[in-house]
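The structure appears right after this line, and notes come after that.
The values are calculated or read from the model by the stated rules, or taken from the named source; none is laboratory data. Keep in mind the model is a prediction, meaning the values are calculated, not measured. Methodologically, a virtual Cβ is constructed for each residue, glycine included, from the backbone with ideal geometry; neighbour enumeration extends over all protein chains shown. Calculation scope for accessible area: heavy atoms of the full protein, side chains included, ligands and nucleic acids excluded. Shrake-Rupley method; radii C 1.70, N 1.55, O 1.52, S 1.80 Å.
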Amino acid sequence: MTESPSTPTQQRGSSDAPARIFLLDDHEVVRRGIKDLLEVEGEFEVVGEASTAAEALARVPALRPQVAVLDVRLPDGDGVSVCRDLRSRMPELACLMLTSFADDEALFDAIMAGASGYLLKQVSGTDLVGAVRTVAAGGSLLDPKLTAAVMTRLRAGDRKDPLAALTAQERRILDLIGDGLTNRQIGERMFLAEKTVKNYVSSLMAKLGVERRVQAAVLVSELHGEPGHGRHPGSGGAQR
């Protein structure tokens, strides 16, 4: 496996420079197959690979690819969380999610995490190459088989329930924010790194449309119908 450091020219891209691609999948055979499909076209260069979420989070920022092709299900996490974390650090990165399962919940989470596309692994090689080409050019796409239910969900209940866009993990973290816990305390409670908690907090605040942590705490208190819900003595609710 060869990983190529980026150059300023490659990062910007040009008409004759191959698009830089990173592959995340826990099966080497899948990665090799995708790499072969892409590189035979001559317009893509696979600059790095990973088999776990941790490897991807460590390698992608240094390699600066234009597109990350991410498996949704991983041995140490999920591709949606990787997408969210990477895009919080690299907003210009296009993420294309690949999965073996037609999972509406994962698709919805991927959309909210900022993924540019979501495809089933059963797609043809031609369609996969076309999808990578589309997101590399700044476009977006979703597998038609998975789109209808999610779009119905987006149009229907989300405006009525401000928490509908949050993942289960984000809801747990929001409750702990309402209890007055800091990111470090939340990390200790949920066995997460403090930086990971910070990323979750940023994501859930963006989904809720609030700019400050205290606003999120007030919102969760109102939703529970308990003014001052869970406010620990001395916390003051003024954490940022």
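Computed quantities for the displayed model
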{"quantity": "Carbon plus sulfur fraction of accessible area for the range 15-129, probe 1.4 Å, in percent", "calculated": "50 percent"}
{"quantity": "Tensor-based shape of the range 94-136 (alpha-carbon gyration tensor, a/c under 1.5 rounded, otherwise prolate or oblate)", "calculated": "oblate"}
{"quantity": "Gained length - Arg212 relative to Thr52, 0.36 nm times residue gap less alpha-carbon distance", "calculated": "54.3 nm"}
{"quantity": "Packing rank of 109-120, 207-218, where each peptide gets the mean count of other beta carbons within 10 Å, highest leading", "calculated": "109-120, 207-218"}
